[in-house]
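Since the structure comes first, as structure tokens, the remarks are kept for the end.
Here, each number is a calculation from the coordinates, and none is a lab measurement. As the structure is a computational prediction, the values presented were derived from the model and not from experiment. Counting neighbours? That spans all protein chains shown, and the Cβs are built from the backbone with ideal geometry, glycine included.
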Amino acid sequence: RVLSKPFMRLPTQKELPEYYETIKNPVDFNKIKKKLGENRYRSLNEIEADVMLLCKNAQEFN
């Protein structure tokens, strides 16, 4: 069972405006994947930081 699906794409501000009122640095797996593809991460620690931010955002909002 795939558990990551809800984290692949952020809701739009129209779909869930309260998310953007609560979460100051939204990130999803698509954004992380894009940054990987563009070689924008300089270290594994930076990737880990974005994944941890994604988890923190989910915990904070839910």
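Looking at the P(r) of the chain, how many percent of alpha-carbon pairs lie beyond 14 Å?
59
Per DSSP H run of at least 4 residues, take -39500 (n - 2.57); add these up for the chain, divide by its residues and hand me the 222 nm value, nearest 500 deg cm²/dmol.
That calculation yields -16000 deg cm²/dmol at 222 nm.
Counting Lys and Arg as +1 and Asp and Glu as -1, each charge on the Cβ, what is the dipole of the range 12-61 about the Cα centre in debye, to the nearest 20?
260
Could you tell me which residue out of G37, L54, L16 lies farthest along the dipole of the chain toward its positive end? Charges go on the beta carbon: Lys and Arg +1, Asp and Glu -1, centred on the Cα centre.
Of the options given, the answer is G37.
With a cut-off of 8 Å between alpha carbons and a minimum separation of six or more residues, what is the relative contact order of the chain in percent?
Averaging sequence separation for qualifying contacts and normalising by length gives 36 percent for the chain.
By the scheme Lys and Arg +1, Asp and Glu -1, what is the net charge of all other residues having a beta-carbon under 12 Å from that of I47?
Once positives and negatives cancel, what remains is +2.
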